[in-house]
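Chemist: Below you'll find the structure I mean.
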Amino acid sequence: MDRKNGSVHYHIRWAHIPLLDWKAFSTQALAEAAAKLLAHRGENYTIEEYGEGCRRCREAKSKSTPLAKKAS
């Protein structure tokens, strides 16, 4: 995750996808730059600000399993 601290971060919400993009950005400017690079012509998005209790980040963490646990 591209975050300097756990408090405020930003996600891209693509208009055609119900979930937030999984990647978190530390600044709104970084999220905006990434969205501009990734967006297809005519594709809409918004940049949304989230804090520590971000549901999308919790879901992403719960889906990833540390390698140490996989080896056990």
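Values in this text are rule-based calculations from the coordinates and carry no lab data. What you see is a predicted model, and the numbers here were worked out from it, not measured in a lab. When we count neighbours, we look across all protein chains shown, and the Cβ atoms used for this are built from the backbone with ideal geometry, even at glycine.
Chemist: Which value, in debye to the nearest 20, gives the size of the charge dipole of the stretch 9-63 about its Cα centre, when Lys and Arg are +1 and Asp and Glu are -1 at the Cβ? Working shown, then result.
Modeler: Numbers: 9 positive and 7 negative charges, 45 e Å.
I would put it at about 220 debye.
Chemist: Going by how many other beta carbons lie within 10 Å of each one, how would you line up 37, 20, fewest first?
Modeler: With the sparsest Cβ surroundings first, the list reads 37, 20.
Chemist: Note down the relative contact order for the stretch 9-63 as a percent, whole number, built from C-alpha pairs under 8 angstrom at least six residues apart.
Modeler: Numbers: 69 pairs, mean separation 23.7, N = 55.
Relative contact order here is 43 percent.
Chemist: Starting from the 7 Å offset along Cα-to-Cβ, what nm value, one decimal, do you get for the label separation of residue 60 and residue 15?
Modeler: 2.4
Chemist: Now for a different question. Take the Cα pairs of the stretch 9-63, get the Kirkwood Rh, then feed it into Stokes-Einstein at 37 °C and 0.692 mPa s and tell me D in µm²/s.
Modeler: 286
Chemist: Extension gain residue 38-residue 8, at 0.36 nm per residue separation less the Cα-Cα distance, in nm?
Modeler: 8.6 nm
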